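Here's the structure, in structure tokens; my notes come after.
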Amino acid sequence: MAELTMIEAIRAALFRALTDDPDVIIFGEDVGIDGGVFRATDGLIQRFGASRVRDTPLSETLIAGMAVGAAAHGLRPVAEIQFMGFIYPVLDQLANHASRLRNRTRGRLTCPMVLRAPFGGGIKAPEHHSESTEAMLAHIPGLRVVVPSSPPRAYGLLLAAIRDPDPVVFLEPKRLYRSTSEEVEDDGEALPLDKAFVLREGEDVTIVTWGAMVAEATEAAQQLAETGVSVELVDLATLKPIDRATIRSSVEKTGRCVVVHEAPLTAGLGAEIAADLAEHCLTSLLAPIRRVTGYDTVMPYLRLERHYLPNTARIVEAVGGVMEFA
Amino acid sequence: MPKRADHFKINCSAFLDASGNPIGELPEFANSRETLTELYSAMVRTRTFDAKAIALQRTGRLGTYASSLGQEAIAIGVASAMTDNDVFLPSFREHGAQLWRGVSLEELFLFWGGDERGNDFAQARQDFPVCIPVASQFPHAAGVALAIVQKGEPGVAVAIAGDGATSKGDFYEAMNVVGAWKLPAVFVINNNQWAISVPREEQTAATTLAQKAFAAGIPGEQVDGNDVIAVRDTVVRALTCAREGKGGTLIECLSYRLSDHTTADDASRYREDEVVSAHWKAEPLVRLRAFLIAEHGWSKSEEENLIHACGKEVEAAAENYLATPPEPARAMFENLFAEITTDISALARELNNG
């Protein structure tokens, strides 16, 4: 077993998928000789050739639309959108086509494609490079949305996404690309696309989060443990479909919930989770559900970025609030 | 004096004039009475379907419908040039092409009647369903063409859209990659002069739509879109070129929308009846019938038999459509994913309890 960073784990999964299935093809901007701007596809063109690892023209709508067409005609495209801020033109293809091709043809044509994109803030990137727009994507019926938070989960979830018979948007928290290394077994084993991961069991409060916020929440849980608060930490990982059962059963046990995400508050996924708990777990709740999120403002440039992103201190404070309530 | 960096030329081909007189030498296939009557019959069948669809919509038995009146030669010219290996990616006005490719009249009625089963074609299994968001099918065609190349298949992806589509980025982005990667794709424009209420002249300052191909590095051609012989001949040449690995072509077919945009539109708000009337003189069925009568002795009884047969077939299909009950409501969930998810099965239960 090797210690891999998340970017290396992603590359390992891509390598594995290309090796296992001749229908898998990778394309996007600079994914070839350059290996992708974050190097996720580094070395793949040398091993698998320029026909299976293709540099596209600079053309996001094309990348997504071509993935739809190629998937419907028998390939398993893994397409890359270079940065999350460039995903907006792609929404047309995702919402109007990828997500509904199976449904509107009653299963005759399908769309087994993966759209990868670096996700979220925290690396002092330029404007339009640091957004978290997962809620927009999770709102589209027929689309799966996945966000890994560790190297082994990135490996297993990406393999699952590529093998899935339906379209998956795979959002990679770029702040975690190289922040840590973990043991990853390159065994070709995929992880389920509809199960949240309980990373830490606890008794007092459930923190539900995903992506880079898992690291902040993990740190918060450690600090809180020192003050005698036992946190159950749930990495949602698959944002659509949401594993409601895991969240509900955790909150039924702890009675308290804090949802943490980088995206702005209003109409974010935290609202969906809070509403679901209010509908299904009201009698278990001991305190109001709190959300720790990015603010309802435009993602600031890099100088103010750290003030925007939720951090350990804000999470600890929110947990303190719900603990004080009851 | 600056030197010329490059130069471009656009041909416009036509074989029959508006009265059905041949212009120069016809392509080989057009010497066959059988082939020509087949093309003519398909155009009549398309127009018969069109009239019935409008009648059904007007009496509340079909949803909003986009007529193809006057543009039948484009649909039939394109489809008759294609083979079963090719993949068709249509816009919403190419019923004739879908019918030629093997989509059934019942399926078309079902689709326009608001039933997804109309897209589950029993034949033409690889063809795409009608694309409503204008021009978004061109990137799909690039993807299909890419899959064809990767799998070493003999087919070509053929996408078609209206003149308004050429103002969209998707159209250019897809054409650009077809050029850059020499993909086997043919893009056809049904230039019927109108994008709902906006006329072709206001859509773009480009003197032709075909010239937009040059920016993508592929050939662009114009053809008289009311001349089915010319459309078929041009598409055959483009398909041959694509099959030989020489890349894609853009074909602009010049025609005219004799109908409203859809049954929800009222074209009298933005264009004069006299202008439309003038274009009836150039419509595609009349000229081919004139040619068939003059050159191949197409008889009155043959004409009557054809019209009768098309009417009977379309009526029967319409009856089958009207007799088809809607799917059970749960069908809206059953094909969302390959396997129904926990969330979705909860919704299906809710629906059944409601």
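Numbers below:
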read-out: Proximal lysines relative to residue B:312, as straight alpha-carbon distance under 20 Å, when same-chain residues fewer than 8 apart are discounted; value: B:52, B:300
read-out: Potential lengthening between residue A:325 and residue A:267 on full extension [0.36 nm per residue; Cα-Cα distance subtracted]; value: 18.4 nm
read-out: Loop-located trypsin sites (Lys or Arg not before Pro) in the range A:265-326, at most 14 other Cβ atoms within 10 Å (DSSP); value: A:303
read-out: Eligible lysines near residue B:151 by straight Cα distance, threshold 29 Å, same-chain separation 8 or greater; value: B:182, B:246
read-out: Assigned charges on the beta-carbon of Lys, Arg, Asp, Glu; the range A:197-325 dipole about Cα centre (debye); value: 240
read-out: Karplus-derived HN-Hα couplings along the range A:299-304 (A = 6.51, B = -1.76, C = 1.60, θ = phi - 60°), whole Hz, x at Gly and Pro; value: 3, x, 5, 4, 5, 9
read-out: Prolate/oblate/rounded call for the range A:251-299, Cα gyration tensor, a/c under 1.5 rounded; value: prolate
read-out: Inter-label distance, nm, simple model (7 Å from Cα along the C-beta direction), residue B:204/residue B:8; value: 0.9
read-out: For the range B:81-211: rounded, prolate or oblate by the Cα gyration tensor [a/c cutoff 1.5]; value: oblate
read-out: Pairwise FRET efficiency - residue B:236 versus residue B:17, Cβ, R0 = 30 Å, nearest 0.05; value: 0.90
read-out: Reduced Cα scattering model of the protein assembly as shown, Debye log10 I(q)/I(0), q = 0.08, 0.09 Å⁻¹; value: -0.68, -0.82
read-out: The range A:197-325: radius of gyration over Cα atoms, expressed as a fraction of 2.2 N^0.38 Å; value: 0.98
read-out: FRET efficiency, 1/(1 + (r/R0)^6) with R0 56 Å, evaluated for residue B:55 and residue B:350 via beta carbons; value: 0.90
read-out: Gain on full stretching of the segment that runs from residue B:315 to residue B:151 - 0.36 nm per residue minus C-alpha separation; value: 54.9 nm
read-out: Gyration tensor verdict on the range B:12-323 (Cα atoms; rounded if a/c is under 1.5, prolate if a/b is larger than b/c, oblate otherwise); value: rounded
read-out: Neighbour cut-off at most 10 other Cβ (10 Å), DSSP loop, chymotrypsin sites (Phe, Trp or Tyr not before Pro), the range B:306-340; value: none
read-out: Debye, to nearest 20: dipole size of chain A, +1 on Lys, Arg Cβ, -1 on Asp, Glu Cβ; value: 860
read-out: Normalised contact order of the range A:2-184, rounded percent, pairs of Cα under 8 Å and 6 or more residues apart; value: 27
read-out: Cross-link partners of residue B:3 among lysines (Cα-Cα below 24 Å; sequence separation of 8 or more within a chain); value: B:212
read-out: Radius 11 Å from Cβ of residue A:218, net charge of other residues (Lys, Arg +1; Asp, Glu -1); value: -2
read-out: Inter-probe distance in nm under a simple model that places probes 7 Å from Cα toward Cβ, at residue A:280 and residue A:183; value: 3.4
read-out: Peptide-level mean, for A:90-101, of C-beta atoms on other protein chains within 10 Å; value: 3
read-out: Percentage relative contact order, chain B, counting C-alpha pairs under 8 Å, at least six apart; value: 24
read-out: Partner chain coverage, peptide A:19-31 - average Cβ within 10 angstrom; value: 1
read-out: Sorted by Cβ neighbour density within 10 Å, fewest at the top, the residues B:1, A:136, A:84; value: B:1, A:136, A:84
read-out: Ordering of A:70-76, B:51-57, A:189-195, B:344-350 by burial proxy (mean other Cβ atoms within 10 Å per residue, highest first); value: A:70-76, B:51-57, A:189-195, B:344-350
read-out: Kirkwood Rh (inverse of mean 1/r, distinct Cα pairs), the range B:192-271, angstrom; value: 14.3
read-out: Computed over the range A:2-184, Kirkwood Rh from alpha-carbon pairs, angstrom; value: 16.0
read-out: Relative contact order (%) - the range B:188-322, alpha-carbon pairs under 8 angstrom, separation at least six; value: 26
read-out: Spin-label zone in the range B:102-132 - amide nitrogen under 19 Å from a point set 7 Å from the Cα of residue B:330 along the C-beta vector; value: B:116-117
read-out: Chain A: most fluctuating residue of A:40, A:125, A:95 per GNM, C-alpha cutoff 10 Å; value: A:125
read-out: GluC sites (Glu not before Pro) restricted to the range A:73-169 and DSSP loop, no more than 15 other C-beta within 10 Å; value: A:127
read-out: Calculated from backbone phi, Karplus (6.51, -1.76, 1.60) coupling profile of the range B:262-268 in Hz, x at Gly/Pro; value: 9, 5, 8, 9, 10, 5, 5
read-out: For q = 0.16 Å⁻¹, Debye-computed log10 I/I(0) when each Cα of chain A counts as one equal scatterer; value: -1.34
read-out: In order through the range A:44-49: 3J(HN,Hα) via Karplus (6.51 cos²θ - 1.76 cosθ + 1.60), integer Hz, x for Gly, Pro; value: 6, 5, 5, 7, 10, x
read-out: Average beta-carbon neighbours from other chains, 10 Å sphere, peptide B:132-140; value: 6
read-out: Fraction in percent of alpha-carbon pairs per bin - 5 Å, the range B:277-354; value: 3, 11, 11, 10, 9, 9, 8, 6, 7, 8, 9, 6, 3, 1
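Each reported figure results from applying straightforward, stated rules to the coordinates on display, with no laboratory input. Computed from a predicted structure; not experimentally measured. Don't worry about glycine lacking a Cβ; one is built from the backbone with ideal geometry, like all the others, and counts go over all protein chains shown.
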